[in-house]
Amino acid sequence: MTLTALCPGTFDPVTNGHVDIVQRAAGLFDRVVVAVVENPAKEPLFSVAERIQMLREALSGLGNVDVESFSGLLVDHARSRGVGVIVKGLRAVSDFDYELQMAQMNRHLGEVETYFVPTSPRWSYLSSSLVKEIAGYGGDVSRLVPEQVLRRLKERLA
Ligand code: PNS
């Protein structure tokens with residue numbers, strides 16, 4: 001039996017913290033599907049196509065990882081892909097309340113289990129929002145995001 005995990009997120013843009021979680025999930029599961037949410041309510045810096053492209057570039061070394069987008073409920077997407085496990089990173093206690101609530105709701109809605117992977121301490125302070133804020137002020141985020149993301153951030157925020 002092939003065990004597949006879904007790694008969902010906004011990924012606007014992908015950071016080294018996301019890459020770390022997907023890499024570790026790829027070592028634990030036969031296949032990992034990274035799912036970029038299409039959320040019309042949010043105004044992202046990068047389009048879904050750009051976010052997918054950056055993820056594909058950052059994860060190109062992982063043969064068992066696919067990247068795609070989804071809209072609507074995560075559990076519906078998981079069901080349509082025949083996936084029963086969601087993997088999420090936990091950076092700190094502050095993430096836990098909301099992540100636990102979503103995990104329990106997703107189990108209620110779709111009988112999908114969520115596995116939490118603790119973020120590596122070196123990335124526990126990292127978020128896409130902070131990266132965008134710092135890059136927007138011209139700060140150095142070169143050690144926080146993959147190279148291609150850095151290039152695109154510079155282009156977008158120039
Ligand atoms: O990277 P993020 O912003 O923490 O990812 C949040 C995400 C995409 C996992 C969450 O917003 C989500 O699952 N959205 C899809 C809509 C949905 O299923 N909502 C109900 C969650 S219980």
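The values are calculated or read from the model by the stated rules, or taken from the named source; none is laboratory data. The model shown is predicted, which means the values in this text are computed figures rather than measured ones. All Cβ positions, even for glycine, are placed from backbone atoms using ideal geometry, and neighbour counts span all protein chains on display. Quick note on the areas: whole protein, heavy atoms, side chains included, nothing else; ligands and nucleic acids left out. Shrake-Rupley method; radii C 1.70, N 1.55, O 1.52, S 1.80 Å.
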Of those in the range 54-81 that are more than 12 Å from the ligand (Cβ to nearest atom) and without any contact (Cβ under 8 Å) to a residue 24 or more places away in the chain, the residue nearest to Asn106 (Cα to Cα) is Ser80
Wholly enclosed strands (runs of 3 or more DSSP E) of the range 64-158 bearing at least 2 residues loosely packed, with under 14 Cβ neighbours inside 10 Å: 113-118
List the residue pairs whose Cβ atoms are under 7 Å apart, where the first residue sits in the range 1-21 and is at pLDDT below 95, the second is charged (D, E, K, R) and surrounded by fewer than 24 Cβ atoms within 10 Å (Cβ to Cβ), and the two are 6 or more positions apart or on different chains. Thr2/Asp30; Thr2/Arg31
Answer with yes or no whether Arg51 is under 22 Å from Asn16 (Cα atoms), within 13 Å of the ligand (Cβ to nearest atom), out of contact with any Cys (no Cβ under 7 Å at 6 or more places or on another chain) and open to solvent by 30 Å² or more (accessible area, probe 1.4 Å). no
Taking the criterion of being more than 22 Å from Glu43 (Cα to Cα) and of a type outside the set (S, T, N, Q), would at least one residue in the range 128-136 satisfy it? no
Search result, residues across the range 1-39 that are more than 21 Å from Glu133 (Cα to Cα), within 16 Å of the ligand (Cβ to nearest atom) and open to solvent by 40 Å² or more (accessible area, probe 1.4 Å): Glu38
